[in-house]
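Working notes, beginning with the structure itself.
No value in this document is a laboratory result; all are computed from the given coordinates. Only a predicted model underlies this, so the values are computations on that prediction, with no experimental measurement involved. Counting neighbours? That spans all protein chains shown, and the Cβs are built from the backbone with ideal geometry, glycine included.
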Amino acid sequence: MRDVLTIFGIIVRQEKRPFLTGLLLAYIVLLAGVALLGISGWFITATGAAGLVGIGIQFDVFRPSAAIRFLALGRTAARYGERMLTHDATLKSLTVLRLRLLDAISRLPFARLVQYRGGELLNRVTADVDALDGISLRLIVPLIAAALTYLTAFAALYLFVAPIVAWFTLGTFFAGTLGTLAVAMKVARAPSERIERAHQSLRLRFIDLFRSKTDLIVTGNLQYQLEKADRADLRLRSNQRHVDTIEQGVGVALGLTSLFAASMALALGADLAVAGTISAAQAALGFFAALALNETMAPLRRSVTEYGRMQSAARRVTRLLDEGGKQAVALSQALPETQAEHDAPTIPLRFEAVSYRTAQNGRQILHNLSFAVSSGERVSLSGPSGGGKSTVLNLAAGLLMPDEGRIDVMGRSLGSYEERDLRAALGFLPQRSMLMHGSILEALCFANPTVDEDEAWQVLEAVALDSVIRQRGGLESMLGEAGLGLSGGEKRRLALARVLVRHPRLILLDEPTEGLDRTTAQHVLNGVQHYLPNSAILVASHRQVEQNWAQKDIRII
Amino acid sequence: MADAASAKLKDLLSPVRKRLQVSGLLATLSSLLWIGQAAFVATLIGGLLQPETTQLTIAHCVLGFAALGALRILLDTAAGRMGFNAADKVVSAVRARLARYEAMRSPQAAGTDSSAALAALLAEKLDSLRVYVTRYQPAQIRVSIVPFIILGFAFWHSWAVALILLVAGPLIPVFMILVGMAARSASEKQMQEIGSLNSLLMERLSAAVDIRLLGAVDRSAQGFETAADTLRKQTMRVLSIAFLSSTVLELFSAIGVAMVAVYVGFTLLGEVGFGSYASSLSVYEGVFLLLLAPDYFQPLRDLAAAWHDKADAVAVAGELAEREAQPHLPILGTGARVAVDLKGVPVAWQGLSFSYDEAGRVRYPDAQVGAGQSLAIVGASGIGKSTLLALLAGLIRAEEGAILIGQEELAPENADRLRSNMEWLGQAPHFLAESVRRNLTLACPSGAKPDIVKALQSAKAQGVIDRLPDGVQTRLGETGAGVSGGEARRLLLTRVFLSGAGVVLADEPTADLDPETARQVCEGLMALQKRGATLIVATHDLELAQRMDQQLVLEGQDA
């Protein structure tokens, strides 16, 4: 429940007004429903009584009938307003949550970020946010609106019918609803979490089945994989059955609650009417109002089963938000250990006796590595794959921290940089990069907002992409999701252009010409050199063309 | 297309049609019991004013009301449970059938859609049929019965009340048709908008590393917010029309109830003299009619509330129909494992041809590879090297010609058995979301005790395992640890060593590798041949091709 409330807090803080108005309208809708039926019942009985004793002429028909018509129209208007408002607020809360999540994720350590690239985790995060959008509007607003309606109805029955009818009717509603919800939410939690896990494993098994189909067929495991999916399906179904049973139970409990309340209102009211304490019309008012209160129950029934899903989603999302928050704290605490500069600022990158072990199993990747790259110099890193070339670049870019030794960028210790300054000082093209939906110019402006068209063409020319872009229709031509529309090599070059257009003084490139033929590769490398002649360039490479281009080679084994 | 989708939906539900009808009828019966409850209440209230009109006591009436109410709860529960059972049966059957249908589709003809989309359809989207079955179907049956019976009762007591209901009721379907059309396109549009917001988030999340490296975290957040805001405004504009449908329903239902109440009230006062049959309405009749009025509209409102469920279900059915309309090239056999002797056997083919479409028919030159011999298939990209390997493995059926493996001709009946002596070294491996051990022993005969250490040495892959956090217990795949392209290739080679297969098919085994790793993979393949395996390699790595005993050159040809 705590996590659910945390998320609720985040959402409500951003949209107090729509939340309160939505709540008010939801309350009006429920209350108008109760009033409409209650007054109608009272009106008919009262007119009947008046007609029987022949005083029909004196009976004030206009106010009640006007009230009935007003309630009918007012309720409809309130409902429309509530729908519009709550949906608008839901969409807003989606944005708020997603922004918070984006913010938290962008603060995660790089190692975790790289992990998050795997589609499945992302899928899960987005699905979680979807599940949470209803916390305020489908769970908490109906609950509060129902409670407020009960209180108002209690006051009305107390004043206009009889205290005992109010106590019995609303007491039943309060106790029945709260008791049912409390029990059901508790019982439904475990199976609805299991449903989610079963869905997840079902999806993973199907992804495996289709992605590895060739391997599964040749190794004779296709049928086995299908059976595994069947087993996940079976698990899913048995938990769905469990939750359905709970839901039916909730239906029965809520149904009995409202039946009991209506029966009590009827019996008590009739008794009092016979005794002459209240009029028959008042008794009818009590009964009809109790009947109309039934309407408060429908959204509650649904929220019970949604709650389990919301709860586990809320737990994961808050954990992610926390993780991002902690990371921010850790970064700022690491800052004060700034060291005085002892190097000439002309050396863009210097490694001094750097050692690095993997965090996972402590395997030594780098041992006592020292080198420097000066302005205008091009240095390549060579060696077998998995040997540590990328590790050197990741260390230089501040994505990993060395276990021993010291790394200086522009003459300052890496640890003394604020993230923003470090990113401005160096440009890093990792092995894999992602492009986003949008125009070519937008892609470049994303990296550097001051880029104009001339500059854009210059950098595209440097990476030998200008003619390709011209053919596609220029800088305004659009890319699809993840750069769809460009070939692999073209995407690689646009990603490189994004790095260059920031004019970093230190450029770290991880296999920049991967997937390019020799001629294009040579062209691109020369373009980089001409575009930024004074920058220091460190390139991890296993291609001859890249190593020849560099003036110096460092072999990493 | 919409018709095909609706027809498909009907078809999907046909096995449970009876059950759904019973469930719907139970729900209908429950709704009708309300008429009895209303009669008890009306009797009681009428009796309070005119005790002479009834013999029933207060206790009788309250008990009658409560007993019928309890019976309704029972019927509703039973109907709900039957609906659930029907939905469960439908969804599970559709899932199993679709999974098998798609599993048997040749990986060479997988089509353009992604595995992730198909997996999402199978694992999650199919469940939207569930809500349709449990909510929409019973509402539909109720709406075709309940309002008419209530109208009959109303007419019996007062033609004016019946007229009020009749006018307010049928106007609803008229409005529904108008607004429903708008609502449908609105809900589709809304789904699209929400979908694009999600994909926008996905995009930003998967590019999080790049965004940070480019120092664009704030710009990215602002951009997202603007886009999300635009989407929200568009969506709301569309939704405002959609909500009219439910508002119209509400309005007519509320006005209907109000008009009945006011008419009945005025009649009871004697101010209105028309609309009833005898002298005037009794209090009993007044209360009874008022109680019936809301329930006359309720089934219509339930049906409208389930509108989205129907739209979702139709969309899913449409997707299923579309899939079935695609051409379906099956694999040979079922992909099951058969126990066989593992030994190198000769492989040969004659007169083989294959085409994905009319224009691109490929005729393959005949070839013979002796047991324990090796063959390189070379030729330009796109000439059909990979397809030839797929034909040999029975992943797709040849149009003409015969493939002999050992002494047998490859056919659907023996494909599983022949494949059990085969292994495949692919180009772009995808590991199962399971441990390294399971991934490596995938091809091992059940019950065998594989010597993983030795196989890792043979494939020069021990280093790969050492780098993984939990060694051979590390989970790979979507949610697990990642390995680089070269590492993956060496792990696959390990799997081939472990399988002991007599025929090894390798598709571009050295593509995209650095020279060092490429050499190791090449050595590994030679070691496999030395062990007695028949080796067939599709490659354009000339160095690798030259180490094979024979070369088969595929050349461009006209159809």
**Asked** What is the calculated FRET efficiency for B:ALA67 to A:LYS186, with r their C-beta to C-beta distance and R₀ = 25 Å, to the nearest 0.05?
**Response** 0.20
**Prompt:** Among bridges DSSP assigns within chain A, what percent are antiparallel (round to 5)?
**Reply:** 45 percent
**Message:** Using only the alpha-carbon atoms, how far is helix B:159-206 inclined from the longest principal axis of chain B? Give it as 0 to 90 degrees, nearest 10.
**Reply:** 30 degrees
**Prompt:** When a footprinting reagent is the concern and you count Cβ atoms within 10 Å, what order do A:LEU395, A:LEU5 take, fewest first?
**Reply:** A:LEU5, A:LEU395
**Cα long-axis angle, helix A:280-292 against chain A (0 to 90 degrees, to the nearest 10)** = 20 degrees
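For Cα pairs less than 8 Å apart in space and 6+ apart in sequence, what is the mean separation divided by the residue count of segment A:349-555, i.e. the relative contact order in percent?
Relative contact order comes out at 31 percent.
What is the calculated FRET efficiency for B:PHE155 to A:LEU234, with r their C-beta to C-beta distance and R₀ = 51 Å, to the nearest 0.05?
Efficiency, from the Cβ-Cβ distance: 0.45.
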**Anchor B:LYS454: lysines whose Cα lies under 18 Å away (excluding residues fewer than 8 positions away in-chain)** = B:LYS530
**Asked** Tell me, what is the percent relative contact order of chain B, built from C-alpha pairs under 8 Å that lie six or more residues apart?
**Response** 16 percent
**Message:** Pairs of alpha-carbon atoms within less than 8 angstrom and 6+ residues apart define the contacts here; what relative contact order does chain A have, in percent?
**Reply:** 16 percent
**Fill in**
Length gained if A:ALA66 through A:LEU24 is fully extended, taking 0.36 nm per residue and subtracting the Cα-Cα distance, is 12.8 nm
**Request:** Please name which of A:PRO191, A:ASN534, A:GLN225 has its Cα lying farthest along the dipole of chain A towards the positive end, using unit charges on Cβ (Lys, Arg +1; Asp, Glu -1) and the Cα centre as origin.
**Result:** A:PRO191
**Contour excess over end-to-end distance, with Cα ends at A:GLN529 and A:ASP130 and 0.36 nm allotted per residue** = 138.9 nm
**Item:** Residues in segment B:532-556 reached by a label modelled at A:ARG518 [backbone nitrogen below 20 Å; 7 Å Cα→Cβ]
**Value:** B:540-546
**Fill in**
Neighbours of A:VAL373 by Cβ distance under 9 Å: Lys/Arg at +1, Asp/Glu at -1, summed charge +2
**Asked** Which value in deg cm²/dmol, rounded to the nearest 500, describes the helix-derived mean residue ellipticity at 222 nm for chain B, given -39,500 (n - 2.57) per DSSP H run of n ≥ 4 and division by the residue count?
**Response** -20500 deg cm²/dmol
**Request:** Round to the nearest 0.05 the FRET efficiency obtained for B:ALA117 and A:ALA155 when R0 = 56 Å and r is the Cβ-Cβ distance.
**Result:** 0.55
**Request:** Under 16 Å Cα to Cα from B:LYS310, which lysines show up? Leave out anything in the same chain fewer than 8 places away.
**Result:** B:LYS8, B:LYS10, B:LYS125, B:LYS189
**Prompt:** Between the helical axis of A:62-106 and the dominant principal axis of chain A, each derived from Cα atoms, what acute angle in degrees is found, rounded to the nearest 10?
**Reply:** 20 degrees
**Request:** Sort B:TRP156, B:TRP34 so that the residue with the fewest other Cβ atoms within 10 Å of its own Cβ comes first and the one with the most comes last.
**Result:** B:TRP156, B:TRP34
**Item:** Distance from segment A:296-325 to segment B:78-133 (C-alpha centre basis), Å
**Value:** 26 Å
**Prompt:** At what distance in nm do the modelled label points of A:GLN431 and B:LEU33 sit from each other, each positioned 7 Å from its Cα along Cα→Cβ?
**Reply:** 6.7 nm
**Request:** Express in % the proportion of alpha carbon pairs of the protein assembly as shown at distances exceeding 49 Å.
**Result:** 42 percent
**Message:** Once you order the gyration tensor axes a ≥ b ≥ c over the Cα atoms, which shape class does chain B get: rounded for a/c under 1.5, otherwise prolate or oblate by comparing a/b with b/c?
**Reply:** prolate
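Can you put A:PHE287, B:PHE431, A:PHE43 in order, fewest other beta carbons within 10 Å first? Can you show the working numbers first?
On the way: A:PHE287 34, B:PHE431 26, A:PHE43 29.
In order of increasing Cβ crowding within 10 Å: B:PHE431, A:PHE43, A:PHE287.
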**Request:** Mind giving me the nanometre distance, one decimal, between the label points for B:ARG438 and B:TYR101, set 7 Å out from Cα along Cα→Cβ?
**Result:** 2.8 nm
